[in-house]
Amino acid sequence: MKGYLNGVALLLLSDYATAAQLAINSIEYRYPASTEVQYRLPWFSSADNPKVAKRINDYIFTNFINHLPGNNPQTTVNQFAKSEMNPTANLDYTVESRDARVLTLNMFVEGCGAYCESYNVPISFDLTNGAAITLNDLFSRSTMAELNTRVRKDIRGQIDTFVDAHKSQTPEQIKDEKGEDFNYVEFYASCATYTDGLYYIGKFSLQKDHLAFLNGRCSNHASRALDELGDFTTKILTVELHDRLTPYGQYLTSAKNTKPVSPAPGIDGKVMYGTLGKSMRIVLKVDCKYGDFFEGAYYYQKFGAPIELAGKCNTANNQHYELKTSAAEQSQEKITLDLKDGVYQGVWESNGKTLPVRFE
């Protein structure tokens, strides 16, 4: 039940003349009356660039703790752990890669409902500003569609190779190994056959020389013991994709591009800071799921709790967005944003009341 803040210094160099130093610590929560850690999250700090550290921390907390960290992140984690509605059984992380421009983490999550499932969430951050890097930052919509098809075919190829390797086995031999009747062809027949949307590139990370796409196993919970393949990872060299990358993507992945480049405007996957009305400070964090719809929330910085939002994300040139709270809410809220002079600004509406909203 106690919390612990442990850590070591991690030097991450930016492309500016002066290096930006981020210290990484681990915020830990331990099971009651136990030394075993239940939750372990990274916590970044920086004396010379605190905004980078804040944006990374806010991203991690809104994604995995469902709350802004507030003035005492350890207290926020403790409260999350004690919540009766908390479905997260375990949290942990690793630093996968880091260089002068990009930091990549992997978050390990175990969630429990009717049963428990564990999964990995890779995240890459731009060390210039602390923003999470999305595929929309790196590629056009058409290139993402091509990548989605390529990753799906790679998964299907891994499956076919595995199934072919077992064709020489008799049904009796397979039953002896599995302990029951089992058909490899039938078991994996429907896996990686879905062709709508951008389903297979939802989880990715930017590594030192490649993009890594992560996809879950083919089996459901009941049959996972029979699934010998598990999760799928597809790696594609960044040098191979260089000409398909946006200028921002080329800057992040090539040492030859020394002049910093900003990504195109967009709200997908970004922690955005703004004001509601005259001075109420708020934070927006929404993610585009499968290239079709947003899931996320906005937060009053003073309180830190999420107000969930949804909306369509495939708008033309990221110029206009409409985000709404659930229609079941007694007082539904709507946020309309338009890109003007490089800033997303617009109107918040609820029960006939309107207020200006602006995100920087």
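Computed 3J(HN,Hα) for the range 156-170, one whole-Hz value per residue from the Karplus formula 6.51 cos²θ - 1.76 cosθ + 1.60 where θ = phi - 60°, is 4, x, 4, 5, 4, 4, 5, 5, 4, 5, 9, 5, 7, 7, 7, glycine and proline marked x. With the alpha-carbon atoms of the range 146-234 aligned to their principal axes, the span from lowest to highest coordinate is 44, 26, 20 Å, starting with the largest. From helices alone, the chain scores -6000 deg cm²/dmol at 222 nm; the rule is -39500 (n - 2.57) for each run of n ≥ 4 DSSP H residues, then divide by the residue total.
Quote the charge dipole size of the chain about the Cα centre in Debye, to the nearest 20; the model charges only the Cβ of Lys and Arg (+1) and of Asp and Glu (-1). Kindly include the intermediate steps, with their values, before the conclusion.
On the way: 37 positive and 42 negative charges, 280 e Å.
Here the chain has a charge dipole of around 1340 debye.
Compared with the alpha-carbon gap, the fully stretched path from Ala255 to Glu322 is longer by 20.3 nm at 0.36 nm per residue.
Taking the charge dipole of the chain about its Cα centre, with +1 at Lys and Arg Cβ atoms and -1 at Asp and Glu Cβ atoms, the residue from Gly230, Tyr39, Val283 reaching farthest to the positive side is Val283. Taking the chain as a Gaussian network of alpha-carbon nodes connected by springs under 10 Å, the highest mean-square fluctuation of the residues Phe61, Phe182, Phe232 belongs to Phe182. Every pair of different Cα atoms in the chain enters the Kirkwood calculation, which places the hydrodynamic radius at 22.5 Å.
Shown are Met85, Met272, whose ranking by accessible area with a 1.4 Å probe and every protein chain present, most to least, is Met85, Met272.
Could you state the number of Å between the C-alpha centres of the range 156-184 and the range 16-83? So the two Cα centres are separated by 45 Å. I need the Debye-formula profile for the range 226-328: one equal scatterer per C-alpha, no solvent, reported as log10 I(q)/I(0) at q = 0.11, 0.19, 0.21, 0.23 1/Å, two decimals. Here log10 of I(q) over I(0) equals -0.55, -1.04, -1.11, -1.18.
Rounded to the nearest 20, the Cβ-based charge dipole of the range 214-321 about its Cα centre (Lys and Arg +1, Asp and Glu -1) stands at 560 debye. When a 1.4 Å probe is rolled over the protein heavy atoms, the share of accessible surface on the range 219-360 that falls to carbon and sulfur comes to 49 percent. Between the alpha-carbon centres of the range 254-307 and the range 217-245 there is a gap of 28 Å.
Shape analysis of the range 168-303 based on the Cα gyration tensor places the equivalent ellipsoid semi-axes at 42, 24, 12 Å, largest first. Sorted from longest to shortest, the spans of the Cα atoms of the range 238-287 along the three principal axes equal 46, 23, 12 Å.
Between the residues Ala189, Leu245, Val121, the greatest Cα displacement towards the positive end of the dipole of the chain, with unit charges on the Cβ of Lys, Arg, Asp and Glu, is found for Leu245.
With respect to the cross-link table entries Lys203/Lys278; Lys302/Lys353; Lys54/Lys278; Lys312/Lys353; Lys153/Lys289; Lys167/Lys208, which display a Cα-Cα separation exceeding 30 Å?
Cα-Cα > 30 Å for Lys203/Lys278; Lys167/Lys208; rest within.
Applying a DSSP loop filter and a limit of 10 other Cβ atoms within 10 Å to the trypsin sites (Lys or Arg not before Pro) in the range 104-172 leaves Lys167.
The values are calculated or read from the model by the stated rules, or taken from the named source; none is laboratory data. This structure is a prediction, so every number in the text was calculated from the model and none was measured. Cβ sites come from the backbone with ideal geometry, for glycine too, and all protein chains shown count toward neighbours. We work out accessible area using only protein heavy atoms, side chains counted, and drop any ligands, DNA or RNA first. Shrake-Rupley method; radii C 1.70, N 1.55, O 1.52, S 1.80 Å.
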